[in-house]
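> Submitted below is the structure of interest, expressed as structure tokens.
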Amino acid sequence: MFEIYKLVFFALWVILTTIFAQAVVLIVAHRMQKNYKVGVIDASLGQQSFLFRSYRAFWNSVENVVLIFPLVIVGILIDYDSNRLGIITWVYAVSRIGHMLVYYFIATDRNPSLRSVFWLFGFFAMAYLIGDLGLFIMRSI
């Protein structure tokens, strides 16, 4: 049964690996601070600080994975179309990588910014999955 979901599982692995990589980048950026204190990030930092951006990118990913991951698992468990789920999960995974890279390399207070575009792709992938998965479940009741 799970054989048809290999690309979905790989996308989930990419999503989790991206978050792990963000954690490593955040730890290194935090430890490189002149006045490093365990667990303390200067509240006065802004977009010009890589530490601030790496912190925000990591936590944004953690906040968002809480929604997408269980939706994908439910889709797998109820035998949702594997091709559709694969496309949605990969759109989400790639959008999160794009969001991370833009957050790391473009310091801006402008909103919306280029990172907002990547965030929106991930958001719409999640919103589509919520709606379509709900319809799929309702049709099977």
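> Of W90, W13, which has the most accessible area with a 1.4 Å probe, and how do the rest follow in descending order? Write out the running numbers ahead of the final one.
Details: W90 70, W13 140 Å².
The ranking, largest first, comes out as W13, W90.
> In addition: Using the alpha carbon gyration tensor of the range 1-137, what are the three equivalent-ellipsoid semi-axes (square root of 5 times each eigenvalue), largest first, in whole Å? Mind showing how you got there, number by number?
Working: eigenvalues 208, 49, 25 Å².
Listed largest to smallest, the semi-axes of the range 1-137 are 32, 16, 11 Å.
> While we're here: Kindly write out, for the range 124-130 in residue order, the coupling ³J(HN,Hα) from the Karplus curve 6.51 cos²θ - 1.76 cosθ + 1.60 (θ = phi - 60°), rounded to whole Hz, with x marking Gly and Pro.
With coefficients 6.51, -1.76 and 1.60, one gets 5, 4, 5, 4, 4, 5, 4 Hz.
> Express the carbon and sulfur contribution to the solvent-accessible surface of the range 32-135 as a percent, rounded to the nearest whole number, probe 1.4 angstrom. Could the numbers behind the result be given before it?
On the way: 4010 of 5970 Å².
About 67 percent, which is the carbon plus sulfur part of the accessible surface.
> How much accessible surface does D42 have with a 1.4 Å probe, in Å² rounded to 10?
So the heavy atoms of D42 present about 90 Å² to solvent.
> Quick one: dipole size for the range 30-141, taken about the Cα centre, charges +1 on Lys/Arg Cβ and -1 on Asp/Glu Cβ, in debye to the nearest 20. Could you put the intermediate results ahead of the total?
Values: 10 positive and 6 negative charges, 96 e Å.
So the magnitude is around 460 debye.
> Using DSSP to define loop residues, name the trypsin sites (Lys or Arg not before Pro) in the range 83-141 whose beta-carbon has at most 13 other beta-carbon atoms within 10 Å.
R110
> Apply the Karplus curve 6.51 cos²θ - 1.76 cosθ + 1.60, θ = phi - 60°, to the phi angles in the range 79-89 and return the couplings in whole Hz, x for Gly and Pro.
Karplus-based 3J(HN,Hα) across the range 79-89 equals 6, 5, 3, 5, 5, 5, 5, x, 4, 4, 5 Hz.
> Between the range 105-130 and the range 15-40, what is the C-alpha centre distance in whole Å?
If we compute the Cα centre of each part, the gap is 22 Å.
> If you don't mind, another one. Keeping every protein chain present and rolling a 1.4 Å probe, give me the accessible area per residue for the chain in Å². The partial results should precede the final answer.
Working: 8570 Å² over 141 residues.
Heavy-atom accessible area per residue stands at 61 Å².
> I would also like to ask the following. Working from the pairwise distances between different alpha carbons, so that the mean of 1/r is found and then inverted, what is the range 32-101's Kirkwood radius in Å? Please report the intermediate quantities before stating the final value.
Numbers: mean 1/r = 0.0689 Å⁻¹.
Radius from the Kirkwood sum: 14.5 Å.
> What are the ³J(HN,Hα) couplings of the range 98-113, residue after residue, when phi is run through the Karplus curve with 6.51, -1.76, 1.60 and θ = phi - 60°? Round to Hz, x for glycine and proline.
x, 4, 4, 4, 5, 4, 5, 9, 10, 8, 8, 8, 5, 9, x, 10
> Another question, if that's okay. Compute the angle between helix 50-77 and the longest alpha-carbon principal axis of the chain, please, reported from 0 to 90 degrees and rounded to the nearest 10.
It is inclined by approximately 10 degrees.
The values are calculated or read from the model by the stated rules, or taken from the named source; none is laboratory data. Just so we're clear, the structure is a prediction, and the values are computed from it rather than from any experiment. Methodologically, a virtual Cβ is constructed for each residue, glycine included, from the backbone with ideal geometry; neighbour enumeration extends over all protein chains shown. Ligands, DNA and RNA are excluded from the accessible area calculation, which covers all protein heavy atoms including side chains. Shrake-Rupley method; radii C 1.70, N 1.55, O 1.52, S 1.80 Å.
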